[in-house]
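> I have a structure I would like to understand better, so I am pasting it below and will then ask my questions one at a time.
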Amino acid sequence: MNSILQNDLNDLENILEKTKQYGIAFLDNLENISTSSKKTIDPTRKLNETGLGSLAALEEFNQRLAPLMVASPGPRYLGFVTGGSTPAAIVGDWLSTVYDQNTQAVKGQGGTSALIEFETIHLLRQLLELPESFLGGFVTGATMSNFTCLGVARQWLGAQLGKDFAKNGISEPINILTATPHSSSIKTLSMLGIGSNNYTVLKTAEGNREAIDIDDLQKNIESLNGEPFILISSAGTVNTADFDDFVAIAKLREKYNFWWHIDAAFGGFAAVSEKFRHLVEGWDGADSITIDCHKWLNVPYESAFYLIKKEHIGLQIETFQNSNAPYLGNPLENFNYLNVLPENSRRLRALPVWFSLLAYGKEGFKDIIEKSTALALHFANALIEDENFELLAPIRLNNVCFTLRGEDNREHVSKFLTHLNDTGKVFMTPTVYQNRKGIRASFVNWRTTENDIRIIMEEIKNTISELDI
């Protein structure tokens, strides 16, 4: 064994202890770490021929790379619907690395860590009050979850036409209807060969909504004259957290033939609270659902899961099976995640979620969700009281979509947000809503408190004053 590697093995406990100390120092100081950074490094570092050893590499990381890290897990990072890892989630993530499982099989040689994933999906179904008719698994994020779900939807549509798109390629037009899809769904259409422009945009409901207009949906369905199609609907649109009417869609499903997919990346967790569960009423009738865990479940990045109805498992295997690996056996008899997901190699992503669900239970996540939504309202009210701002949409859940007051202030919005983010005390993302430039603040982090809202409003007022807007 290489001498430096041998030394690291002999000193492993000390190395991990030092690493833990660096990590705790970062987490303990989150409130004082900048939410944005202009620091840079020269990324053309030469590789050391003999190696430094872990402790020396750790020291260089602390000196050169750690200063680039921003407080994205912190309480005032309100961009990109980003959660922050809870203690239990960190435990699960560390152990995922330690055990280093390639999570595929539920039985046989090579490990059975997929059983942990099965159990975690079972726990998530209970959290969200969804039936066991859904099977699920873990992927990196909403993009790959949408890719998995819509990949099976593509195969379903081909089957309705007597075609096998997975084996022979797309040979027929694919009809897709949607109103306000997330960019990850559009990216997925590109990756699936369907085409990022190949969808019909439905009208949105009246009253400053982003949800599907059900009458327009029915008109578009009828214009297809019985042709099968895919419907992409939303449980929490990215700007205003709006929800499609799932009860009405479920009724249409009784009459028409289509694959119903719901992008519920963060909005699906509305099901955890009695206050908001009505928003997802009827969603159990969908064929597939996308949900992110590294948002409102507050686990580390690269954690999302798909849910697809059991009845479609054959189509799912047709889409993703490793047909050139006979040693894996019959995919219907020997379940293996590599036959139902895009990836062949995958870490035990379920473990941070498993730890989180066991550690905090339904009440714990209900508290996080209801606190987040209350803070969104609190922030919105503070903005309304300030004559410089106006809301672009009502507060439906956890997103606050706002802008500078007055039509003539459009040009100032980007300048204001850049200046605000550069303070390093808060981070929000730009958006466009109904052709107006705006700003979106998303509340999902378990650490955020009313005191953070106070700090944010102080920075906002200081920024307005400094820019003389």
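> Which of the residues spanning region 204-226 are part of a loop (DSSP other than H, G, I, E, B), among the acidic types (D, E) and crowded, with 16+ Cβ neighbours inside 10 Å?
Listed by number, the residues that qualify are E210, D213.
> Checking the condition surrounded by 20 or more Cβ atoms within 10 Å (Cβ to Cβ), more than 20 Å from the chain's Cα centre (by Cα), farther than 26 Å from V81 by Cβ and modelled with pLDDT of 95 or more, which residue from I174, I194 passes?
Step by step, each of I174, I194 is checked, and only I174 is surrounded by 20 or more Cβ atoms within 10 Å (Cβ to Cβ), more than 20 Å from the chain's Cα centre (by Cα), farther than 26 Å from V81 by Cβ and modelled with pLDDT of 95 or more.
> If you don't mind, another one. Pairs needed: first member in region 392-417, closer than 12 Å to I469 by Cβ; second member anywhere, modelled with pLDDT of 95 or more and among the polar types (S, T, N, Q); C-beta distance under 7 Å; at least 6 residues apart or different chains.
So the pair list comes out as V413/T403; F416/T463.
> Condition first: surrounded by fewer than 23 Cβ atoms within 10 Å (Cβ to Cβ), under 19 Å from G226 (Cα atoms) and touching a residue at least 24 places away in the same chain (Cβ under 8 Å). Now tell me which residues in region 157-171 satisfy that.
A159, Q160, L161
> State whether the residues of region 31-42 include one that is in a helix (DSSP H, G or I), open to solvent by 60 Å² or more (accessible area, probe 1.4 Å), free of Cβ contacts under 8 Å to residues at least 40 places away in the same chain and over 30 Å from R454 (Cα atoms).
No, region 31-42 contains no residue that is in a helix (DSSP H, G or I), open to solvent by 60 Å² or more (accessible area, probe 1.4 Å), free of Cβ contacts under 8 Å to residues at least 40 places away in the same chain and over 30 Å from R454 (Cα atoms).
> Does I289 meet the test of being in contact with a His (Cβ under 8 Å, 6 or more places away or on another chain), outside any loop (DSSP other than H, G, I, E, B) and at pLDDT 95 or above?
Answer is yes for this residue.
> Test each condition in (1) of a type in the set (A, V, I, L, M, F, W, C); (2) assigned to a loop (DSSP other than H, G, I, E, B); (3) out of contact with any strand residue (DSSP E or B) (no Cβ under 7 Å at 6 or more places or on another chain) for A241 and report the one that comes out false.
Result: A241 passes all but (3).
> Let me ask something else about it. For region 303-320, state whether one or more residues are open to solvent by 70 Å² or more (accessible area, probe 1.4 Å), outside any loop (DSSP other than H, G, I, E, B) and either farther than 20 Å from T120 by Cα or modelled with pLDDT under 95 (or both).
Within region 303-320, one or more residues are open to solvent by 70 Å² or more (accessible area, probe 1.4 Å), outside any loop (DSSP other than H, G, I, E, B) and either farther than 20 Å from T120 by Cα or modelled with pLDDT under 95 (or both).
> Return the only residue of G136, G151, G111 being small (G, A, S) and surrounded by fewer than 18 Cβ atoms within 10 Å (Cβ to Cβ).
None of the others qualify; the one that does is G111.
> Looking at (1) open to solvent by 60 Å² or more (accessible area, probe 1.4 Å); (2) touching a residue at least 60 places away in the same chain (Cβ under 8 Å); (3) over 30 Å from G424 (Cα atoms), which one does L95 not meet, given that it meets all the others?
Of (1) open to solvent by 60 Å² or more (accessible area, probe 1.4 Å); (2) touching a residue at least 60 places away in the same chain (Cβ under 8 Å); (3) over 30 Å from G424 (Cα atoms), only one is false for L95: (1).
> In region 354-457, which strands (runs of 3 or more DSSP E) lie fully inside it and hold 2 or more residues that are farther than 30 Å from E119 by Cα and open to solvent by 30 Å² or more (accessible area, probe 1.4 Å)?
389-391, 429-433, 436-442
> For I232, indicate whether it is in contact (Cβ under 8 Å) with a residue 40 or more places away in the chain, within 18 Å of G158 (Cα to Cα), part of a loop (DSSP other than H, G, I, E, B) and of a type in the set (V, I, T).
no
> I'd like to verify a number: residues in region 61-86 that are under 21 Å from M457 (Cβ atoms), in contact with a helix residue (DSSP H, G or I) (Cβ under 7 Å, 6 or more places away or on another chain) and open to solvent by 10 Å² or more (accessible area, probe 1.4 Å), how many?
The total comes to 1.
> Would you check if S96 is of a type outside the set (K, R), modelled with pLDDT of 95 or more and in a loop (DSSP other than H, G, I, E, B)?
Answer is no for this residue.
The values are calculated or read from the model by the stated rules, or taken from the named source; none is laboratory data. Remember, predicted model here, so these are calculated numbers, not experimental data. FYI the Cβ positions are ideal-geometry reconstructions off the backbone, even for glycines, and counts take in every protein chain you see. Side chains are part of the model used for accessible areas, which takes the heavy atoms of the whole protein and leaves out ligands, DNA and RNA. Shrake-Rupley method; radii C 1.70, N 1.55, O 1.52, S 1.80 Å.
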